[in-house]
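Okay, so here's the structure we're looking at.
The values are calculated or read from the model by the stated rules, or taken from the named source; none is laboratory data. Not measured: the values here are computed from a predicted model. Note that each Cβ is placed from the backbone with ideal geometry, even for glycine, and that neighbours are counted across all protein chains shown.
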Amino acid sequence: METIKVDIAIVGGGGAGLRAAIAAAEADASQTIALISKVYPMRSHTVAAEGGSAAVTQAHDNLDHHFHDTVAGGDWLCEQDVVEYFVAHAREEMVQLEHWGCPWSRKDNGHVNVRAFGGMKIERTWFAADKTGFHILHTLFQTSMKYPSIRRFDEHFCCDLIVENGRCHGAVVIEVATGKFTFIQARAVIIATGGAGRVFRENTNGGIVTGDGMALAYRHGVPLRDMEFVQYHPTCMPGTGLLFTEACRGEGGFLLNRDGYRYLQDYGLGPPDPSPRNKAMELGPRDRLSQAFWHEKQKGKTIDGPHGQVVHLDLRHLGEKKLHERLPQICELAEEFLGVDPAHAPIPVCPAVHYTMGGIMANGETASPLAGLYSAGECSSVGLHGANRLGSNSLAELCVFGKVAGSEASKFARSVTSHHSGTLEKQAEDVKQQALGIITRSGGTERMAILRTEMAQSMEDGCGIYRTGTAMQATCDKIDELRERYRNLNIDDRSSTWNTEWLLAIELGYQLDVAQSMVYSAINRKESRGSHQRLDGYEQRDDVNYLRHTLAHYNGDAAPRIDYMGVRITKSRPGIRAYGAAGEKAEQERKNREAASD
Amino acid sequence: MTDIEKTIEIEVMRYHPEQDASPVFKTYRIPYASDQSVLQGLQYIKDYIDGTLSFRWSCRMAICGSCGVMINNQPKLSCKTFLRDYYPGKIRVEALQHLPIERDLVIDATDFINKLESIKPYIVPREARSLEQGEYLQTPEQLARYEQFSSCINCMLCYAACPQYGLKPEFTGPGVLALLHRYNADSRDGARADRMQIVNAEEGVWGCTLVGYCSEVCPKQVDPAAAVNRNKVNSTLDYFLRFLMPGGGESG
Ligand SMILES: Cc1cc2nc3c(=O)[nH]c(=O)nc-3n(C[C@H](O)[C@H](O)[C@H](O)COP(=O)(O)OP(=O)(O)OC[C@H]3O[C@@H](n4cnc5c(N)ncnc54)[C@H](O)[C@@H]3O)c2cc1C
Ligand code: SF4
Ligand code: FES
């Protein structure tokens, strides 16, 4: 097997990976960087982000507001020093993207425009129509071509990390087109492999979003943190899960039940003003909106559709002109996939899995507990999102922490000596044999699609919008069973050229490990917080016992070992998480208290 | 008959370089539903009939640009082409025309990527600006001059549509020329002269014979033909200006 030596290896070419690569290249042009991605970088799922990216921009906004929105939005499970760093650096990153050519939507005076987003007190979401992620990704990808020190390994699939003596030394990759293995030996490794939404049945994610990097770090002893927190987005396409961005509501869209009634006012999110009011009604946070859908469904107030129960996202009152200017992709999706013209009819929507708040444990500098291993983007748990992410915070996160990861990895790579590679190469050879084992062994009887479907259904049943101990236990048992059956997989394809069945099988292995970490983390959290809501006697938030992060530790064939770590609180004590008029009242009280104690 | 009992036939091009001398076709019968895409049809085949079928896909929502194939002889994104548009007829799916095939429906995209890299697809600032100075000002009108061309998802459908590219693969081709124009037309950029040298070469815009089929098949209304045309006009202008102005045609 060929060994290629580089200073920094980045696994993942989405927004976070590309931003990290550019930061590393700018930190030290003499270092060599390998940018590894299982698809061409511009196909990464960042491409699908629609709505926008948050950064304090307007004169009447400030960093404190963004901080409080994020921390309260995360139900106080955020690392507050990390949030402070994030809000302070988001704007500079958005401006940086602007300088690199991102076609941000503009005001008449030529300045960048911002829009309202759920859970954000003041409009601060930068947007490029409703294709923000697409434009950020292409801008970063094309800009990365400027830097000769970035060597891309496009369509290379990472099948393991190489770890020795408590330090990460690189990754083993498979060239998809040929099946050729390469050991990329690196002094520092950044994982930027994105989320894991595909472990659930109905989701907004692309086929590639399978939690690979999370599983790899986890298997090498790095804990996965807060994996029970999985975000359901309230407005998705029934049947496919494709997303209708929150910007639909930011621009003024309504959510209606079967009676044409704006039902969110019944869930503490009112009053129902006719035009968008920040942090109220349709601009409440996602967890609350998805929960309200669930209750409406229980009450029989939702609408029957061919793919189950739906409510209506009504954009008609925005008018054709605004819809085509601000939400062109939404119009295209509704028209082509559903045959609905949003200017003339409401769009049927339902919640679907969207985002994994948890991920690879990382400190504020993106370093994991394993020396030489960093992570950034959706795969990483740097501590920004807590128990519920606010929409438009993650695109900004990719840039802010992608950059940190790039410069930290560069610094680390400079500080360590290169390892002579004999023992590492032996390990890499073992990795290869193990990966090949999947296609060379015979006699398997389990069909991959069946295992995948059973996993995704079980995760939806046990780890949905509302959870109970009984249902979660059933999912724990199911995932344990599926991990067992996985060993008996049957693969039709035995070739080395573009063998996607083989790679899907490796991905399924990653998914099962990640799914297991999620459900075991969930069943052990005996409270309700953010996106983790229980119905079995743990309906309240319990700060005494659970104001702490869950850590899931890999435990081989057995279930993960779960323990906890504290949450860093700097300036916001846990308070009541309220929205709409109640939220405004709570905030006023908080201010009064702070003023009194100053 | 309800949708549940209906089926549809998909004929898929299969090619495996390790065992086939040339592509062959295989027909599969799959369940029909009016809201199913051709991509979902291919996924059904892979999941339940033949795991060895290879094709690219990811987003399922016509934005990642992975899933371009020929469907009944037309270049299309399989994720936003629906079975209902062909039912009860047969669907024939092939790899994108004009591009080398790696296996089954997977084409080799290297040429496109190399061409993209060759045109400096990034802003070379017309004037320097620090981050502290904030964003460059750009009015909605200035944005509108290039926005459409920045919407290219690199799906390469236009390459499969372009007769010139089929004959002469050196031709830069519609998608990359649209992206070149995207940067040239951006008020923040100052590298137009450099890029026009690429365009002025024989393989640049001059390869185009104005068929216009590229714009017809583009799933994102990028209208690459318009970009090629504008570059032709600019290219001619540059050619003359070069003799008149020191530094060559910085017009525009
Ligand atoms: C439909 C949708 C809309 C969204 N809209 C918004 C929004 O408006 N605002 C917002 O802030 N957030 C939004 N989000 C969330 C946000 O877009 C994502 O969290 C973010 O883009 C993830 O970026 P990433 O760089 O971490 O990962 P990705 O972009 O998913 O990239 C992962 C990369 O890792 C590579 N990779 C993975 N596994 C391997 C492997 N085994 N070997 C090699 N390479 C591998 C992939 O090829 C890819 O390059 C949205 C998400 C979705 C799904
Ligand atoms: S111009 Fe259109 S058809 Fe051509 S690559 Fe770009 S998006 Fe695809
Ligand atoms: S799957 Fe992404 S464009 Fe079709």
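Taking the criterion of being surrounded by fewer than 14 Cβ atoms within 10 Å (Cβ to Cβ) and of a type in the set (S, T, N, Q), the residues of the stretch A:408-456 that qualify are A:S415, A:T417, A:S418, A:T423, A:Q433, A:Q434, A:T440, A:S442, A:T445, A:T453. No other residue among B:R60, B:R126 is within 20 Å of the chain's Cα centre (by Cα) and more than 26 Å from B:G212 (Cα to Cα) apart from B:R60. With a requirement of 3 or more residues that are within 14 Å of chain B (Cβ to nearest Cβ) and out of contact with any Cys (no Cβ under 7 Å at 6 or more places or on another chain), the helices (runs of 4 or more DSSP H) lying completely within the stretch A:396-505 that satisfy it span A:448-462. Which residues, taken from the stretch A:45-83, are assigned to a loop (DSSP other than H, G, I, E, B), within 16 Å of ligand 1 (Cβ to nearest atom) and over 23 Å from A:E251 (Cα atoms)? Residues satisfying the conditions are A:G74, A:C78. Among strands (runs of 3 or more DSSP E) entirely within the stretch B:1-102, having at least 1 residues that are without any contact (Cβ under 8 Å) to a residue 24 or more places away in the chain singles out B:24-31. Condition first: acidic (D, E) and more than 23 Å from A:L137 (Cβ to Cβ). Now tell me which residues in the stretch A:11-69 satisfy that. A:D28, A:D61, A:D64, A:D69 - these are the residues of the stretch A:11-69 that are acidic (D, E) and more than 23 Å from A:L137 (Cβ to Cβ).
Taking the condition over 30 Å from A:D212 (Cβ atoms) and either surrounded by fewer than 19 Cβ atoms within 10 Å (Cβ to Cβ) or within 14 Å of chain B (Cβ to nearest Cβ) (or both), does A:G575 pass? Judged against the criteria, A:G575 is a match.
Going by what's in this entry, would B:T172 be described as assigned by TED's automatic domain parsing to the domain that holds B:D223, among the β-branched types (V, I, T) and surrounded by fewer than 19 Cβ atoms within 10 Å (Cβ to Cβ)? Answer is no for this residue.
Taking the conditions (1) without any contact (Cβ under 8 Å) to a residue 40 or more places away in the chain; (2) away from ligand 1 (no atom under 12 Å from the Cβ); (3) farther than 23 Å from A:G464 by Cα in turn, A:P271 satisfies each one other than (1). Take the conditions (1) within 15 Å of ligand 3 (Cβ to nearest atom); (2) at pLDDT below 95; B:R60 misses just one of them, which is (2). The condition of being farther than 30 Å from A:S528 by Cβ and hydroxyl-bearing (S, T, Y) holds for only one of A:S392, A:S410, that being A:S410. Within the stretch B:114-124, the set of residues being more than 7 Å from chain A (Cβ to nearest Cβ) and part of a helix (DSSP H, G or I) comprises B:N114, B:K115, B:L116, B:S118. Within the stretch B:134-143, not a single residue is under 22 Å from A:E332 (Cβ atoms), within 16 Å of ligand 2 (Cβ to nearest atom) and facing another protein chain (nearest Cβ under 7 Å).
Which of the residues spanning the stretch B:207-219 are out of contact with any Phe, Trp or Tyr (no Cβ under 9 Å at 6 or more places or on another chain), away from ligand 3 (no atom under 16 Å from the Cβ) and in contact (Cβ under 8 Å) with a residue 40 or more places away in the chain? I'd like the intermediate steps shown before the answer.
Taking the stretch B:207-219 first, the residues out of contact with any Phe, Trp or Tyr (no Cβ under 9 Å at 6 or more places or on another chain) are B:209-213, B:215-219.
Narrowing further to those that are away from ligand 3 (no atom under 16 Å from the Cβ): B:209-213, B:215-216.
B:T209, B:V211, B:Y213, B:S215, B:E216, listed by residue number.
For the stretch A:73-103, name all the residues that are among the charged types (D, E, K, R) and away from chain B (no Cβ under 14 Å). Correct list: A:D75, A:E79, A:D81, A:E84. For the stretch A:504-512, the criterion of being at pLDDT 95 or above and touching a Pro at 6+ places or on another chain (Cβ under 8 Å) is met by none of the residues. Of all residues in the stretch B:171-182, those being more than 16 Å from ligand 3 (Cβ to nearest atom) and under 14 Å from B:L99 (Cβ atoms) number 4.
Within the stretch A:207-224, can you find the residues that are within 16 Å of ligand 3 (Cβ to nearest atom) and either free of Cβ contacts under 8 Å to residues at least 40 places away in the same chain or touching a His at 6+ places or on another chain (Cβ under 8 Å) (or both)? Give the steps one after another, and end with the answer.
We begin by selecting, within the stretch A:207-224, every residue within 16 Å of ligand 3 (Cβ to nearest atom); these are A:207-210.
Once the filter is applied, which keeps residues that are within 16 Å of ligand 3 (Cβ to nearest atom) and either free of Cβ contacts under 8 Å to residues at least 40 places away in the same chain or touching a His at 6+ places or on another chain (Cβ under 8 Å) (or both), the stretch A:207-224 yields A:G207, A:I208, A:V209.
If you scan the stretch A:298-341, which residues turn out to be assigned to a strand (DSSP E or B) and either within 28 Å of the chain's Cα centre (by Cα) or surrounded by fewer than 16 Cβ atoms within 10 Å (Cβ to Cβ) (or both)? Correct list: A:D304, A:G305, A:G308, A:Q309, A:V310, A:V311, A:H312, A:L313, A:D314. Taken over the stretch B:63-87, the criterion of being buried (at least 24 other Cβ atoms within 10 Å of the Cβ) and within 12 Å of ligand 2 (Cβ to nearest atom) is satisfied by B:I63, B:C64, B:G65, B:S66, B:C67, B:G68, B:P75, B:L77.
Taking B:R230 as the residue in question, decide whether it is more than 12 Å from the chain's Cα centre (by Cα), away from ligand 1 (no atom under 16 Å from the Cβ), among the charged types (D, E, K, R) and within 13 Å of another protein chain (Cβ to nearest Cβ). No, not satisfied. Within the stretch A:40-53, the only residue that satisfies the criterion of being among the aliphatic types (A, V, I, L, M) and touching a Ser or Thr at 6+ places or on another chain (Cβ under 6 Å) is A:A49. Can you spot a residue in the stretch A:342-359 that is touching a strand residue (DSSP E or B) at 6+ places or on another chain (Cβ under 8 Å), under 30 Å from A:F86 (Cβ atoms) and either in a helix (DSSP H, G or I) or of a type in the set (S, T, Y) (or both)? Yes - at least one qualifying residue is present in the stretch A:342-359.
Filter the stretch A:238-273 for residues that are part of a loop (DSSP other than H, G, I, E, B), within 14 Å of chain B (Cβ to nearest Cβ) and in contact with a strand residue (DSSP E or B) (Cβ under 7 Å, 6 or more places away or on another chain) and give the result. I'd like the intermediate steps shown before the answer.
From the stretch A:238-273, those part of a loop (DSSP other than H, G, I, E, B) are A:238-242, A:244-246, A:251-253, A:257-262, A:268-273; that's our starting set.
Of the ones still in play, those that are also within 14 Å of chain B (Cβ to nearest Cβ) are A:238-242, A:244-245.
Matches in the stretch A:238-273: A:P238, A:G241, A:L242, A:F244.
Within the stretch A:15-48, the residues that satisfy the criterion of being away from every other protein chain (no Cβ under 11 Å) and in contact with a strand residue (DSSP E or B) (Cβ under 7 Å, 6 or more places away or on another chain) are A:G17, A:A20, A:A21, A:A24, A:A25, A:Q31, A:T32, A:I33, A:A34, A:L35, A:I36, A:S37.
With respect to the conditions (1) within 16 Å of ligand 3 (Cβ to nearest atom); (2) closer than 17 Å to A:Q142 by Cα, B:V222 falls short on a single one, namely (2). Within the stretch A:424-447, identify whether any single residue is over 30 Å from A:G372 (Cα atoms) and touching a Gly at 6+ places or on another chain (Cβ under 7 Å), and answer yes or no. No, that holds for no residue.
Among the residues making up the stretch A:149-165, a single one is part of a loop (DSSP other than H, G, I, E, B) and within 11 Å of chain B (Cβ to nearest Cβ): A:E155. Scanning the stretch B:152-169 for residues that are within 11 Å of B:L96 (Cβ to Cβ) and within 16 Å of ligand 1 (Cβ to nearest atom) gives no hits.
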